[in-house]
Amino acid sequence: MAKSKSVLPAAAMEKLLKSAGAERVSSDAKEKMVEVLEEFALDLSERAIRLSKHAGRKTVTGSDIKEATR
């Protein structure tokens, strides 16, 4: 199975992990963080899109995103 191009940069994952307290971050950890966060974000996006369509809108709003997290 071919690996798709990531949207999130690995450097941002390292920054997130370090801001959470990690002293060092392996390449594997950065790659896994990208994978997990992109999967979560895609699912969240799909739920938010359904909410905006249900409301009769084409535009996804911040409140759609917030509601989709519930």
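Throughout, read-outs are computed from the coordinates displayed, never taken from laboratory work. All figures in this text were calculated on a predicted structure; none of them were measured in a lab. Note that each Cβ is placed from the backbone with ideal geometry, even for glycine, and that neighbours are counted across all protein chains shown.
Summary of computed values
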item: Check: the chain dipole with +1 on Lys, Arg Cβ and -1 on Asp, Glu Cβ, in debye; result: 300 debye
item: Angle in degrees between helix 10-19 and the longest Cα principal axis of the chain, rounded to the nearest 10; result: 80 degrees
item: Stretch gain in nm, segment Arg24-Ser63, where the contour uses 0.36 nm per residue and the Cα spacing is subtracted; result: 10.5 nm
item: Farthest positive-ward along the chain dipole, Cα basis, beta-carbon charges - from Ala41, Ser63, Ser6; result: Ser63
item: MRE, 222 nm, helices only [DSSP H, n ≥ 4, -39500 (n - 2.57), over the chain, to nearest 500]; result: -21000 deg cm²/dmol
item: Under 5 Å, built H, 5+ apart or other chain: amide partners of Ser6; result: none
item: Integer Hz, Karplus 6.51/-1.76/1.60 couplings in order for segment 20-26, x for Gly and Pro; result: 7, x, 5, 7, 9, 9, 6
item: Folded to 0 to 90 degrees: helix 27-54 orientation relative to the chain principal axis, Cα; result: 0 degrees
item: Counting all C-alpha pairs of the chain, share separated by more than 21 Å (%); result: 43 percent
